Structures are given as structure tokens and as C-alpha cells.
Amino acid sequence: MSIVPAVSAWPSAPLAGKVVLVTGGANGIGRGIAQAVLGAGGQVMIGDLDVGAGKACLAEWDRPADAAFRKLDITAEASARGFVAAALKRFGRIDGLVNNAGIAGAHGTALADMEWSEWQRRLSSLHGAFLCSKHALPALAAHGGGAILNIASTRAQQSEPNSEAYAAAKGGLVAFTHALALSAGPAVRVNSISPGWVATGAWQAPARRRTPSLSKADHAQHPVGRVGQPDDIGALAVFLLSDMAGFITGQDHIVDGGMTRKMIYVD
Ligand SMILES: NC(=O)c1ccc[n+]([C@@H]2O[C@H](COP(=O)([O-])OP(=O)(O)OC[C@H]3O[C@@H](n4cnc5c(N)ncnc54)[C@H](O)[C@@H]3O)[C@@H](O)[C@H]2O)c1
């Protein structure tokens, strides 16, 4: 007798029972991902240099049992180690790490004039992903089913002038993702999301919060008809962190409203 494949219901809380760390989780895309984790039934520890924004998240979410904040500098190894240790102390386990923190602006000084210190600073998202992954991996592997998610950028594939450091950081994150997937599997899956244009003004700390000023042309250059929002990234993050994505690792996932699929011939 053959076995009939079951019709399975999708889980209503795909991250129930899971603890997720989000670096740079106090503002912008990181906050969008952290809120999506909470909405999906998970618990979240956000780490950020911006202490005021982190405390504002906790106050506005008002979910003391499920959300915590710790000051974090992803470029300092002791800080990354302390972030992971604090999450383990608070929640007892770690199931997901989202390496999101970084310098959001792509444009820097022209290469010929760039100081070594600026180059280093603009590569912080790559350096931080190394440090935080290094210290989180043992706990992520401990239960099986762990997941790392690196926030790269469509600028890993496309560029404008004077964005070499940012492009190198994001291209580096995409490569770091597939390399680590090979080393960390099968206990831990590793993926990246490459966002396109995401307007983060409404997802900043209260004092800086504003409605993004976007033109019709800004929206129209996206095949979906609009610029992205942090919760657009949060939606895919939840899926990739969940057990539903158990057969997906080592991949970069572009979330850009179709912008990188659009021909740019001028009529
Ligand atoms: N917004 C976009 O259009 C876009 C597009 C593609 C990729 N990204 C990437 O998404 C990520 C988040 O960007 P965003 O637009 O939300 O920026 P954002 O500035 O709104 O948020 C970045 C957060 O990271 C924190 N941070 C910066 N350096 C840190 C450090 N050393 N240690 C700990 N925290 C630190 C900041 O305090 C802030 O809370 C970045 O990696 C960025 O490169 C953004």
C-alpha cells in the first residue's frame, strides 16, 4: 500500500520556541526583522550601538518576556562574545543569528582619497558577521536546526561610483554565507538576504522617526510599484529562520521589488 503525502497546514507561529539574535536590531531593517520574529512567535535579543533606540524598542514593544536589548559593537570581539553570552543567560538557548548591523550608506570617499580607517569602518558588516557567527555557532549547533542570516545588499551585484568598500563588504557577506554553510551544516543553515532600496525612516528611534519622502518616480522604478520597507525583509527572514526553510542553505535571496531585473535602456 502506498503512503499518501499529507496536506500540511502552515504554522501560524513559525518561530514559536525559537530565540533569535539580531545585530543592529534597534533601527531600520534590523528592527523590522526583530518585530517579525516577535510576530512569528519567537523571542528576540537585539544588539546595537544605539542604546537609546534599543531601549525605545523594548518600551514600544512592551514584551518583556520575549524581547531583550544589549549594547553591542559588532567590530569588538569581547562585545560580540558578551552579546551571545547575555542571550544564553537570558533565554537559555539560541536558534537564530541575524547579522544585520552595518553602515547603511553605500557612498564613501573616492578610493584614491580614502583612509585605511574609513575602509575598515565601511567593512564593519562583514567583520561583525565573522565575530558574531564565531561566538554564536556553538550554541546554534547545540540543538540542531540553527540558522544564520546575513544581511547583504543588491550592491553585491550592482554599483554606483565611490561605493567600493560597501560593495566589497556586501559581496564578502554573500561569499561568507556559502562558505560558512559548508562548514556549519548540517546543524546550522546559513543564508543571506540582499535587500534593494528599503526606506527606513519610519523605523528609526522615536526622535529621528519620520515618514520617508519618496517620489512617484522612486516607487515606479520598482516592478512591484513601490520602494521597500523593513517588514518586507522581516517576512523572508522569518521564513529562512524557520524549520520550513530546512532545505535551503548557502544561498543569497534578493528582495528588491524586482529592481535588479529591470532593463535600464533609455528610450
Ligand atoms: N536600507 C537599505 O536600503 C538597505 C539596502 C540593502 C542593504 N541594507 C543593509 O541592511 C542593514 C541595515 O541597514 P538599515 O538601512 O536598516 O540601517 P540603519 O542605519 O537604519 O540601521 C543600522 C543599525 O545598525 C547599528 N549599527 C551600526 N554599526 C554598528 C556596530 N558596529 N555595532 C552594532 N550596531 C551597529 C546602528 O546603530 C543601527 O541601529 C545594513 O547592513 C545595510 O547595509 C540596507
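The values are calculated or read from the model by the stated rules, or taken from the named source; none is laboratory data. These numbers come from a predicted model, not from an experiment. In this analysis, Cβ positions are derived from the backbone assuming ideal geometry, glycine residues included, and neighbour counts consider all displayed protein chains.
Are any residues in the range 70-81 closer than 27 Å to Ser153 by Cβ and either assigned to a helix (DSSP H, G or I) or not hydroxyl-bearing (Ser, Thr, Tyr) (or both), and if so, which ones?
Arg70, Lys71, Leu72, Asp73, Ile74, Ala76, Glu77, Ser79, Ala80, Arg81, listed by residue number.
Residues of the range 171-191 that are farther than 26 Å from Trp61 by Cβ, of a type in the set (S, T, N, Q) and in contact with a strand residue (DSSP E or B) (Cβ under 8 Å, 6 or more places away or on another chain): Thr177 alone.
Pick out the one residue from Ala87, Ala106, Ala68, Ala34 that is within 16 Å of the ligand (Cβ to nearest atom), surrounded by 16 or more Cβ atoms within 10 Å (Cβ to Cβ) and at pLDDT below 95.
Details: Ala87 fails: at pLDDT below 95; Ala68 fails: at pLDDT below 95; Ala34 fails: at pLDDT below 95.
Just one listed residue meets the conditions, Ala106.
Can you tell me which residue within the range 245-267, out of those that are hydrophobic (A, V, I, L, M, F, W, C) and surrounded by 16 or more Cβ atoms within 10 Å (Cβ to Cβ), is farthest from Trp197 (Cα to Cα)? Write out each step before concluding.
Just the residues of the range 245-267 that are hydrophobic (A, V, I, L, M, F, W, C), to begin with: 245, 247-248, 254-255, 259, 263-264, 266.
With the extra rule that they be surrounded by 16 or more Cβ atoms within 10 Å (Cβ to Cβ), the set shrinks to 245, 254-255, 259.
Details: Ala245: 25, Ile254: 11, Val255: 9, Met259: 9 Å.
Checking each candidate, the answer is Ala245.
Say we look at the range 137-156 and pick out the residues that are of a type in the set (A, V, I, L, M) and either within 14 Å of the ligand (Cβ to nearest atom) or under 15 Å from the mean Cα position of the chain (by Cα) (or both); which of these is nearest to Gly246 (Cα to Cα)? Break it down into steps so the answer makes sense when it comes.
Looking only at the range 137-156, we keep the residues that are of a type in the set (A, V, I, L, M), and these are 137, 139-142, 147-149, 151-152, 156.
Cutting the leftovers down to either within 14 Å of the ligand (Cβ to nearest atom) or under 15 Å from the mean Cα position of the chain (by Cα) (or both) gives us 147-149, 151-152, 156.
On the way: Ala147: 9, Ile148: 12, Leu149: 13, Ile151: 19, Ala152: 21, Ala156: 25 Å.
Among them, the one singled out is Ala147.
Here the range 1-31 is the region considered, the condition is being among the β-branched types (Val, Ile, Thr) and either touching a residue at least 60 places away in the same chain (Cβ under 8 Å) or within 16 Å of the ligand (Cβ to nearest atom) (or both), and the residue that is surrounded by the fewest Cβ atoms within 10 Å (Cβ to Cβ) is Val19.
Within the range 39-54, can you find the residues that are surrounded by 15 or more Cβ atoms within 10 Å (Cβ to Cβ) and under 25 Å from Ile103 (Cα atoms)? Matches in the range 39-54: Val44, Met45, Ile46, Gly47, Asp48, Leu49, Asp50, Ala53, Gly54. Within the range 37-65, the set of residues being more than 13 Å from the ligand (Cβ to nearest atom), acidic (Asp, Glu) and closer than 14 Å to Trp203 by Cα comprises Glu60 only.
Is it fair to say Ala129 is touching a Ser or Thr at 6+ places or on another chain (Cβ under 7 Å) and either closer than 12 Å to Ala168 by Cα or not polar (S, T, N, Q) (or both)? Here the answer is no, as Ala129 does not meet what is asked. Any residue in the range 92-100 that is in a helix (DSSP H, G or I) and surrounded by fewer than 23 Cβ atoms within 10 Å (Cβ to Cβ)? There is no residue in the range 92-100 that is in a helix (DSSP H, G or I) and surrounded by fewer than 23 Cβ atoms within 10 Å (Cβ to Cβ).
Okay, residues lined up against (1) in a helix (DSSP H, G or I); (2) closer than 16 Å to Leu21 by Cα; (3) under 21 Å from the mean Cα position of the chain (by Cα):
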{"site": "Ile46", "(1), (2), (3)": "no, yes, yes"}
{"site": "Ala65", "(1), (2), (3)": "no, yes, no"}
{"site": "Ala68", "(1), (2), (3)": "no, yes, yes"}
{"site": "Phe83", "(1), (2), (3)": "yes, yes, yes"}
{"site": "Leu88", "(1), (2), (3)": "yes, yes, yes"}
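On the given criteria, is Gly145 out of contact with any Leu (no Cβ under 6 Å at 6 or more places or on another chain) and either free of Cβ contacts under 8 Å to residues at least 24 places away in the same chain or surrounded by fewer than 20 Cβ atoms within 10 Å (Cβ to Cβ) (or both)? Taking the combined requirement at face value, the residue satisfies it. Looking only at residues in the range 225-244 that are outside any helix (DSSP H, G or I) and surrounded by 13 or more Cβ atoms within 10 Å (Cβ to Cβ), which one is farthest from the ligand (Cβ to nearest atom)? Among residues in the range 225-244 that are outside any helix (DSSP H, G or I) and surrounded by 13 or more Cβ atoms within 10 Å (Cβ to Cβ), the one farthest from the ligand (Cβ to nearest atom) is Ser242.
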